Each structure stands twice: as structure tokens, then as C-alpha cells.
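In what follows, a single structure is set out as C-alpha cells and then discussed.
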Amino acid sequence: MIELNNVDFLKASIDAISSFIPEGNFRFNDKGIHFRAVDPSQVVLVDYFIDKKVFDSYSIEPAFVGVNLVELSKIVSRSLQGDSLKLGLTDSELKINLKGELDRAFKLPLIDVSDDDLKIPEIDYDVKVEINARVLKEALKDASLFSSSVMLLIKKDKFYLEAKGSAGVLNASSYSKAVKVKSTQDVVSKYSLGFLQNIVKQANPDSDVVLELKSDSPMKVTYLIGSSEIRFYLAHMLL
């Protein structure tokens, strides 16, 4: 049985994943819970691990189980303020218990999901950008006024974001403390704006999002949900 007194971070984590992945495999072992999957369009790979230390109680047999993420997100989103959560496994079900003013027990059937071993892209990134999540989200909202894609550029250790469409052009740059850039060379790459907005939607506005970039290569996006790090690999678009 796994117990968690603060459900908020798990709710945010499942919501972040289910935005892209409708179903996938969770690996439960003596270190914690690991999830890795790619979305049906092969655009985003999600890699997420929750250390067992995060939970208030963690005692479960090692298991590799397929779960409908959309349905799981619906269940966890029903947690009320002050609810605690318990997770348990049988051979055929994931049991979710939410306990507070109401004691509610849900059972989610396990499903068969391809267990292909997904490889993390091995990329020698040229740039690492640490950017305030609120600043990044606002810049992406600006970009959405004109385009469904966004260009990220690093020139001489400065961060630039561009969007172009028939309705207009956005050119954004940052020289403030909200953005820190480490680079070995200039980078230009293009990405789906909608996917990137969904990727960062669960990032705490007061925290940092880390972008790792290489020209015309998948981008690695990392941030914390609670104390657990979530990583996304977003495929690039042709310039």
C-alpha cells in the first residue's frame, strides 16, 4: 500500500502526463514509481520518477502495470481539500482510496500496454536555459497570437523567442534575471507551440523551467512538480 497525505503534487503530475499520454506503464519498485512513454503522435516523450521518500508510506510489491492515464487523472482530480490518498494493486486492478470528509474507493482496471523499452535521446546539448516559468508561459501566450509554432534562439548567450504568422510577428527577448543562459554556441530550433504550452502548464509560476537545446534537435524540458522532477523531450520541427 502507498499512502500520500498531500495529493496536490500527484494530481498535477498525472494531469501533466495525461495531456499527452492516454495510457502507459507504471513501474513500481523498491526505489519508487517510474513512468516513461511517448505520445501517439511521437512528438513528446515523458520521463518521470517519484522517489518513495516522497510518500508518507510506501510498501508495495514490484510491479509493471498498464493504466489508462485519462481515467486515472479523472479520479485523482476528484480529491478534495485535505484528502489523503492510498494506492494498492491487485492482479487486475489499481485501487485508489481518497479519504477525508468522504471516504471514496475507486477501482481502475489494469490494461495491456506495449512494454517496448523506450530509449532516452542521447543528445550533446549546446545550450542550457533556466527561465522563470511565469515569464516563459507569458511569452508563449504572446506567440500564440500569431502562430502555432515557436522559434527558440540563443545568440551570444541571450535568449530569444519568435513567432510568425499571416496576422503578425512576435520578437521577444530577455536580459533579466528571469533567464540564465549557458551556451557553447548559438542555437536556432523550431517547436510546436501547443505542445510546449501543454508541457509547461503544470510548472509552478514562481519556479524555473530548464530548457536544453541544440539546433534542429529535440528539446529537453525539465522542472519540478513538488519535489519530483519531470522531463519532457519535444521533437523539433523543420525550419
Taking the range 149-167, which residues are more than 14 Å from Val129 (Cβ to Cβ) and hydroxyl-bearing (Ser, Thr, Tyr)?
Ser149, Ser166
Residue that is nearest to Ser207 (Cα to Cα), among those in the range 118-158 that are basic (Lys, Arg) and touching a residue at least 60 places away in the same chain (Cβ under 8 Å):
Arg134
Checked Pro22, Pro40 against criteria (under 19 Å from Tyr191 (Cα atoms) and over 11 Å from the mean Cα position of the chain (by Cα)); the one match is Pro40
Hey, Ser114 in contact with a helix residue (DSSP H, G or I) (Cβ under 8 Å, 6 or more places away or on another chain) and on the phi < 0 side of the Ramachandran plot or not:
no
Residue hits (the range 181-197; among the aliphatic types (A, V, I, L, M) and closer than 13 Å to Ala235 by Cβ) are Leu196
So which of Val209, Val188 ends up being surrounded by fewer than 19 Cβ atoms within 10 Å (Cβ to Cβ) and either at pLDDT below 95 or not aromatic (Phe, Trp, Tyr) (or both)?
Val188
Looking only at the range 13-23, how many residues end up being touching a strand residue (DSSP E or B) at 6+ places or on another chain (Cβ under 7 Å) and closer than 11 Å to Ser79 by Cβ?
0
Can you name every one of the strands (runs of 3 or more DSSP E) wholly within the range 175-237 that holds 3 or more residues which are without any contact (Cβ under 8 Å) to a residue 40 or more places away in the chain?
219-225
Scan the range 20-32 residue by residue and report those that are crowded, with 20+ Cβ neighbours inside 10 Å and touching a helix residue (DSSP H, G or I) at 6+ places or on another chain (Cβ under 8 Å).
Phe20, Ile21, Gly24
Listed residues Phe9, Phe35, Phe26; which is part of a strand (DSSP E or B), out of contact with any Asp or Glu (no Cβ under 9 Å at 6 or more places or on another chain) and closer than 26 Å to Lys99 by Cβ?
Phe26
Output the number of residues of the range 33-59 satisfying the condition of being among the charged types (D, E, K, R) and touching a helix residue (DSSP H, G or I) at 6+ places or on another chain (Cβ under 7 Å).
0
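The values are calculated or read from the model by the stated rules, or taken from the named source; none is laboratory data. On a predicted model such as this, the values are computed, not experimentally measured, just so you know. As a convention, Cβ positions derive from the backbone with ideal geometry for all residues, glycine included, and neighbour counts pool all protein chains shown.
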